[in-house]
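Visitor: I have a structure I would like to understand better, so I am pasting it below and will then ask my questions one at a time.
The values are calculated or read from the model by the stated rules, or taken from the named source; none is laboratory data. For clarity, every value in this text was computed on a predicted model and none was experimentally measured. Cβ placement follows ideal geometry from the backbone for every residue including glycine, while neighbour counts extend to all protein chains displayed.
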Amino acid sequence: MDRKPESLITVLDAGSAKSVVLVAELQDGVLRYRGHGVERSLGMRKGLIAELGPAAEAINRAALTAERVTKAAIETCVVGIGGSHVRGINSRGGISLGSRMREITREEVRAAVDRARSVALPPDREVLHLLPQEFILDDQPGIHDPIGMVGNKLEVNLHLSTCSGGVAQSVITCANRAGLEVLDTVYEGIASAESVLSADERELGVCLADIGASTTELVVFFEGSVAHTAVLPIGGDHFTNDLAVGLQVTVEEAEYLKRTYGHSVVTAVPQLNEIEVGGNLAVGSLGGGTAARIVRQRFLAEILEPRARELFTMLRDNLRTGGVLEALGAGCVFTGGGAHLAGLLDNAESLLRVPARVGSPVPLSRMPEELAQPEFAAAIGMLLYTHRTQVRRASEEQGLKAKLKAIFAGSF
């Protein structure tokens, strides 16, 4: 196996349903797919790690599969952070530049951001992302990049995405036990947005909802910047469990029935349609279940529709509380494995009164078609986010080196 090339980027999405390790390589400024591994997650409960050993084992198997496909050693990764412990807050702060007008440099921008981030957080909270929404220079708002401008006072409206330090450390510990060194962490909602949303949608105002197995991660963009982040405690597994209880079948069969015959709008299912359930026949199991029987397909929709309406009612209330419900000029985009359920868009448009669509991730060069699905939006988005971050840091380092070179050159 080859040594790990410096140009490789590896990301880990350890979700409630599956653990994904995805590897890409940077060639001539373009991200190209190199390999991936997917394993069913173990040791997870409600989106959080309940048992480190099984969770690390699943991650390790996914990493080994990715190594075999990639034909290179995988030693480091960027990890996605999600779950109901993630919260977002907005803050404002700034600095005075003195009585005389001065040119704004990167140092002044950092000082203003540091002042805005100085909000009191509980001891167990950690900052995942510092996301400037706009800069205000001498009371002039709406500035996205003040570097090079001249003024006396610089302020910034900032969005802080925070998480539980203990939960984040558990994910990092799992990755370490699986043989992976964690270089960075990314909120999965931000990552999914990176791979799914267009620039126009971000500018007009859009809500990205990543419906995972246990939770739904939200991020709202307005005028190109993050305005709101949150997590809802409902995901695809809640729909599955409702079916399992209502139909008295196993969770595995309920998942199959949801994917194959499920619909979240009762009136969209013909009244005379019937399906066979029970006996675990649908998932190829041999015996051990309830006797097979015939039920109306509409009965599935009668179970699924209330849960869908609960999800979107909760989403609407969260956006209203965050003050961004009226800012969705481009509507809502749904991604994640839960976005596959038929009828979800109808429920969303009915309750939110905005257009809605299902978002699939932009494909990487040479990427298998199987990955161009909503459930892989977070993993692909983490690759894109990490690449963009590396490019920005390299640009800043080059600028710093050029400045130092000019200083020393002027000294002789």
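Visitor: Looking at (1) surrounded by 15 or more Cβ atoms within 10 Å (Cβ to Cβ); (2) assigned to a helix (DSSP H, G or I), find the lone condition where Ser91 falls short.
Guide: (2)
Visitor: Among Glu155, Glu134, which is the only one that is out of contact with any Phe, Trp or Tyr (no Cβ under 8 Å at 6 or more places or on another chain), under 24 Å from Gly224 (Cα atoms), among the acidic types (Asp, Glu) and outside any helix (DSSP H, G or I)?
Guide: So the residue among Glu155, Glu134 that is out of contact with any Phe, Trp or Tyr (no Cβ under 8 Å at 6 or more places or on another chain), under 24 Å from Gly224 (Cα atoms), among the acidic types (Asp, Glu) and outside any helix (DSSP H, G or I) is Glu134.
Visitor: Regarding the range 221-229, can at least one residue be identified that is buried (at least 24 other Cβ atoms within 10 Å of the Cβ), within 16 Å of Ala356 (Cα to Cα) and either of a type in the set (A, V, I, L, M) or modelled with pLDDT under 95 (or both)?
Guide: The answer is no; no qualifying residue exists.
Visitor: Checking the condition at pLDDT 95 or above, surrounded by 15 or more Cβ atoms within 10 Å (Cβ to Cβ) and farther than 23 Å from Glu188 by Cα, which residue from Gly331, Gly343 passes?
Guide: Only one candidate qualifies: Gly343.
Visitor: Leu128: under 30 Å from Ile211 (Cβ atoms) and surrounded by 15 or more Cβ atoms within 10 Å (Cβ to Cβ), yes or no?
Guide: Yes: the conditions hold for Leu128.
Visitor: Would you say Gly179 is in a helix (DSSP H, G or I), in contact (Cβ under 8 Å) with a residue 24 or more places away in the chain, surrounded by fewer than 20 Cβ atoms within 10 Å (Cβ to Cβ) and more than 17 Å from the chain's Cα centre (by Cα)?
Guide: Taking the combined requirement at face value, the residue does not satisfy it.
Yes/no per residue for (1) assigned to a loop (DSSP other than H, G, I, E, B); (2) more than 24 Å from Ile234 (Cα to Cα):
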residue: Ser16; (1), (2): yes, no
residue: Arg32; (1), (2): no, yes
residue: Leu64; (1), (2): no, yes
residue: Arg68; (1), (2): no, yes
residue: Ile74; (1), (2): yes, yes
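Visitor: Can you work out which of the residues in the range 255-314 that are of a type in the set (Ser, Thr, Tyr), assigned to a loop (DSSP other than H, G, I, E, B) and closer than 18 Å to Asn241 by Cβ is modelled with the lowest pLDDT?
Guide: Here the answer is Thr290.
Visitor: Sticking with this one: I need the full set of residues from the range 45-57 which are within 17 Å of Ile81 (Cβ to Cβ) and part of a helix (DSSP H, G or I), in order please.
Guide: Of the residues in the range 45-57, the ones within 17 Å of Ile81 (Cβ to Cβ) are 45-50, 52, 55-56.
Of everything in the range 45-57, those that are within 17 Å of Ile81 (Cβ to Cβ) and part of a helix (DSSP H, G or I) turn out to be Leu52, Ala55, Ala56.
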